[in-house]
Amino acid sequence: DVLDPERLIQCPLVKHHRIRARRFPYHLVKCKESNPEIAKKLATCPFNARHLVPWADLSDHIMKCNDKAFMEQDVVSRSCEPPQEQLNNGSTWQAPPCDEDWETELLEGSESTFVW
């Protein structure tokens, strides 16, 4: 089962490492620190930081990555149009006018200096 937190996953850095899914993100961080030469040869997928692939295979992985569909779906669902409930609530709130004038204060020049 893909969602099982107890399933074992093979580490992309050291092939004989088998880690439980729930601990996998933590293992990747530690394993990258312990194996910097191997980590330099691997690229991180922009859709899922748990996917480490050789730099040469990154573009192919991006085209086929299963998590890409989730990202695209999320982007489509966050369209620029405001949600319908915001359009119907009839809020007429406006920000109060600002009476600060920083340019004038700067030109007048404050005699007091700021002390921390």
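A few remarks follow.
- A 1.4 Å probe over all protein chains sorts Arg7, Arg23 by accessible area into Arg23, Arg7, starting with the largest.
- Residue-count net charge about Ala21 - beta-carbon cut-off 14 Å; Lys, Arg +1, Asp, Glu -1: +3
- Calculated diffusion of the range 1-40, Stokes-Einstein form, Kirkwood radius summed over Cα pairs, 25 °C and 0.890 mPa s, µm²/s: 235
The values are calculated or read from the model by the stated rules, or taken from the named source; none is laboratory data. Given the structure is predicted, the values throughout are model-derived calculations rather than measurements. Every residue, glycine among them, receives a Cβ derived from its backbone with ideal geometry; neighbour counts consider all protein chains shown. What goes into the accessible areas is simple: the full protein's heavy atoms, side chains included, and nothing from ligands, DNA or RNA. Shrake-Rupley method; radii C 1.70, N 1.55, O 1.52, S 1.80 Å.
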